[in-house]
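Everything on this sheet refers to the single structure shown next.
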Amino acid sequence: VQLQASGGGLVQPGGSLRLSCTASRSILSFRAMSWYRQAPGKERDLVATEFSSGHTNYADSAKGRFTISRDNSKDTLYLQMNSPKPEDTAVYYCNGWRFDVNYWGNGTQVTVSS
């Protein structure tokens, strides 16, 4: 099972960016999928989770600005980042739990700068 993240890049503060994570298996088979991020010199932190039930959780830093969603027909998880701040600069990783196995995708760099 592979998770392929994409969509990172340079974005200005107050702009918007959408990250994508495409799974090599049906996304419906994942009981939970998440976005994490890791800034230089810091630990990897949870940003947002979407459960198969549709319930979502967000880190306080992401609430009101980021939205996690999925498109089952495309087997793709998204993270819509609105009004990003310089402190959101990090490598973003997608993660999924499938049949009690945890999978990590590659990282995609997001840089928020004017």
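The values are calculated or read from the model by the stated rules, or taken from the named source; none is laboratory data. None of the values given here were measured: they were computed from a predicted structure. Every residue, glycine among them, receives a Cβ derived from its backbone with ideal geometry; neighbour counts consider all protein chains shown. Ligands, DNA and RNA are excluded from the accessible area calculation, which covers all protein heavy atoms including side chains. Shrake-Rupley method; radii C 1.70, N 1.55, O 1.52, S 1.80 Å.
The table below lists the values:
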| read-out | value |
| --- | --- |
| The range 28-80 - percent relative contact order, Cα under 8 Å, separation 6 or more | 27 percent |
| Residues in the range 87-114 that a label on SER24 would reach, taking backbone N under 19 Å of a point 7 Å out along Cα→Cβ | 93-108 |
| Average Cα contact separation per residue, the chain, under 8 Å, 6 or more apart, as relative contact order % | 38 percent |
| Exposure rank, largest accessible area first [THR108, THR56; 1.4 Å] | THR56, THR108 |
| The range 71-114 - percent of accessible surface contributed by carbon and sulfur, probe 1.4 Å | 48 percent |
| For the range 17-61, the fraction of alpha-carbon pairs in successive 5 Å shells from zero, as % | 5, 18, 23, 27, 17, 8, 3 |
| Under the Karplus curve 6.51 cos²θ - 1.76 cosθ + 1.60, θ = phi - 60°, whole-Hz ³J(HN,Hα) for the range 67-73, x wherever Gly or Pro sits | 9, 9, 7, 9, 10, 4, 5 |
| Exposed-site-free run, longest, the chain (rule: trypsin sites (Lys or Arg not before Pro); DSSP loop; at most 13 other C-beta within 10 Å) | 64-114 |
| GNM flexibility winner over the chain from SER20, SER61, SER69 (Cα, springs under 10 Å) | SER61 |
| Kirkwood hydrodynamic radius of the range 38-101, Cα pairs, Å | 13.1 Å |
